[in-house]
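Peer 1: Sharing a structure below in structure tokens format, with a few things to ask.
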Amino acid sequence: QVRLVESGGGLVQAGGSLGLSCAASGSVYRLGTMAWYRQAPGKQRELVAQSNGIGTTNYGDSVKGRFTISVDNVEKTGYLQMNGLRPEDTAVYYCHAMLTPVGSEIPRVYWGQGTQVTVSS
């Protein structure tokens, strides 16, 4: 069964750093675009960072210069390095990817299970 498995996250003080990872497991033929979203209580889910896997990245305005997305296409794993964390970065972070399962030619959308990031002031 193809799925995305997230790890990382946790509690950190303001100004600190955390890293998240998102691994595609199961019979995956190809990893396409990957993105990280977050959702804080009472707020809509928002895009944090996106990568097309071949060098093009986009970031939400609030995280530019602090967060870095990267993708290892061989390991089919994505990463989000978060530096200079602020209390307003507190949210559940979800990875999102377009994966093509083995035996298929059609990429499909997959979401990770979500991981909590809490930044204390």
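Peer 1: On the basis of being in contact (Cβ under 8 Å) with a residue 12 or more places away in the chain and open to solvent by 70 Å² or more (accessible area, probe 1.4 Å), does Ser21 make the cut?
Peer 2: Answer is no for this residue.
Peer 1: All but one of (1) in contact with a Gly (Cβ under 8 Å, 6 or more places away or on another chain); (2) open to solvent by 60 Å² or more (accessible area, probe 1.4 Å); (3) of a type in the set (Asp, Glu) hold for Glu88; state the number of the condition that does not hold.
Peer 2: (1)
Peer 1: Which count do you get for residues in segment 34-49 that are part of a strand (DSSP E or B) and open to solvent by 50 Å² or more (accessible area, probe 1.4 Å)?
Peer 2: Qualifying residue count, segment 34-49: 4.
Peer 1: Let me spell it out: the conditions are (1) more than 12 Å from the chain's Cα centre (by Cα); (2) outside any strand (DSSP E or B), and Thr118 meets all of them except one. Which number is the exception?
Peer 2: Thr118 satisfies all of (1) more than 12 Å from the chain's Cα centre (by Cα); (2) outside any strand (DSSP E or B) except (2).
Peer 1: A further question follows. Read through the list (1) in contact with a Gly (Cβ under 7 Å, 6 or more places away or on another chain); (2) closer than 13 Å to Leu20 by Cα; (3) open to solvent by 20 Å² or more (accessible area, probe 1.4 Å), then give the number of the only condition that Pro107 fails.
Peer 2: Only one criterion in (1) in contact with a Gly (Cβ under 7 Å, 6 or more places away or on another chain); (2) closer than 13 Å to Leu20 by Cα; (3) open to solvent by 20 Å² or more (accessible area, probe 1.4 Å) is unmet by Pro107, namely (2).
The values are calculated or read from the model by the stated rules, or taken from the named source; none is laboratory data. Everything quoted here is computed from the prediction, not taken from an experiment. Heads up, the Cβs are rebuilt from the backbone with ideal geometry, glycines too, and the neighbour counts pull from every protein chain shown. The accessibility values were calculated without ligands, DNA or RNA, using every heavy atom of the protein model including side chains. Shrake-Rupley method; radii C 1.70, N 1.55, O 1.52, S 1.80 Å.
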